[in-house]
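> I'd like to ask you about the structure that follows.
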Amino acid sequence: MKILQTAIILIFTLLVVPVFTYLFGTPLSPEVWEALKVLIWICGFAIAYCFIVGELTGNNSQVDKYWSILPIIYAWVMAFYGDFTPRMILMALLVTAWGTRLTYNFARKGAYRWKFWEGEEDYRWEILRKKPEFQPKWKWTLFNLFFISGYQNVLILLFTLPMLVSFQFDDQTLGWTDLLVSLGFLGFLIIETISDEQHWKYQSEKWKLIREGKLLHGDFAKGFLDKGLWAISRHPNYLGEQGIWVCFYFFSVITSGQILNWSVVGCLLLLILFQGSSNFSEEISASKYPEYANYQKKVPRFIPGTGPASPEESPAPTT
């Protein structure tokens with residue numbers, strides 16, 4: 001029941017926060033509304049596709065496949081409506097760099113196939129489907145509709161929407177603050193890239209040894225990675241992902257002059273989602289690997305030097 005309650009809170013927040021921040025912010029211009037309507041149509045199609053295909057195939061990683069692709073589409077649609085000003089192009093290029101790298105990372109894990117509805121499903125969805133909260137099946141169907149397909153697709157749109165605020169207030173000139181935010185974005189992208197690469201090499205070698213029937217030794221005997229960036233953060237890839245979209249939000253702060261504007265909802269909800277996702281992942285890891293609890297005591301969840309946090313059960317995985 002805790003899983004369902006958390007999902008309901010997230011969906012409620014998703015509906016309330018944008019309305020609240022919009023009512024107390026600057027009204028959208030007609031041009032921004034026109035762009036937003038196009039984005040909403042694309043998002044609506046993505047929700048319908050992910051839900052229908054997920055139900056028909058039993059593979060609920062449809063959203064995962066497009067997590068890195070849809071933001072690129074959204075970014076260039078907004079750049080088009082923003083007349084391809086220097087800031088719009090810069091923001092779209094940053095999103096494209098992020099999405100290209102993440103798509104590659106998904107692809108090498110087997111997420112994409114010629115039969116595009118197939119591909120590797122995130123192992124956490126299978127575990128979640130078997131929980132008592134989602135028996136009988138109609139409960140999982142509703143969860144798929146409102147959280148997996150609905151909430152996550154809307155979230156993907158939301159964390160790209162600082163571009164709309166930048167579009168509305170764009171003075172068509174780039175300054176040192178744009179450079180600073182861009183460097184922050186790229187810095188977190190490098191962190192995410194390095195941590196994903198370290199994890200990929202570790203898991204590839206571990207599973208190679210398992211397939212060959214060899215005895216796991218040394219770091220591989222633990223079952224999880226605790227070297228490199230993973231020695232100072234339990235989820236350096238999640239840290240990078242969150243930092244990327246917080247930096248992206250600051251483009252809207254630069255152009256609007258508002259520390260808080262309606263587009264903050266995207267990165268805010270993303271931070272909440274990653275808390276839940278890391279909780280659920282760690283619950284699984286702690287149940288599989290005896291030494292993981294000690295790792296949790298020694299290494300912070302996200303930010304190095306902040307101290308470890310106790311894991312809690314979470315609603316659902318993310319990418």
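> If you split all Cα-Cα distances of the range 243-295 into 10 Å bins from zero, what percentages do you get per bin, shortest first?
Spelled out bin by bin, the range 243-295 gives 23, 32, 21, 17, 8 percent.
> Going by the alpha-carbon gyration tensor, a ≥ b ≥ c the square roots of its eigenvalues, is the range 128-280 rounded (a/c under 1.5) or, if a/c is not under 1.5, prolate (a/b greater than b/c) versus oblate?
Cα axes put the range 128-280 in the oblate bin.
> Specify the angular offset, from 0 to 90 degrees and rounded to the nearest 10, of the alpha carbon long axis of helix 264-288 from the longest principal axis of the alpha carbons in the chain.
In the chain, helix 264-288 runs at an angle near 0 degrees to the longest axis.
> Between the range 55-98 and the range 162-190, how many Å separate their Cα centres?
16
> How large, in Å, is the range 176-235 by the Kirkwood hydrodynamic radius built from its alpha-carbon pairs?
13.3
> If we sort 196-206, 237-247 on the protection proxy, mean other Cβ atoms within 10 Å, highest first, what's the order?
Most protected by this proxy first, the peptides run 237-247, 196-206.
> For helix 86-108, what angle does its Cα long axis make with the longest principal axis of the chain, in degrees from 0 to 90 and rounded to 10?
Orientation of helix 86-108: about 20 degrees from the principal axis.
> What percentage of the solvent-accessible surface of the range 63-185, computed with a 1.4 Å probe over protein heavy atoms, is contributed by carbon and sulfur atoms?
The computed percentage sits at 71.
> So what's the Cα pair-distance distribution over the range 92-180, bin width 10 Å, in %?
12, 29, 30, 18, 9, 2
> Express in nm, to one decimal, how much length is gained between N294 and A221 on full extension, taking 0.36 nm for each residue of separation and deducting their alpha carbon distance.
Contour length minus Cα-Cα distance gives 24.8 nm.
> Hey, could you grab the Kirkwood Rh for the chain? Inverse mean 1/r over distinct alpha carbon pairs, Å, one decimal.
20.7
> Tell me which of T255, L39, G305 sits at the most positive position along the dipole axis of the chain, charges placed on C-beta atoms (Lys, Arg +1; Asp, Glu -1).
Result: G305, furthest along the dipole toward the positive end.
The values are calculated or read from the model by the stated rules, or taken from the named source; none is laboratory data. For clarity, every value in this text was computed on a predicted model and none was experimentally measured. Every residue, glycine as well, gets a Cβ built from its backbone with ideal geometry; the counts of neighbours run over all protein chains shown. Accessible surface areas use protein heavy atoms only, side chains included; no ligands, DNA or RNA. Shrake-Rupley method; radii C 1.70, N 1.55, O 1.52, S 1.80 Å.
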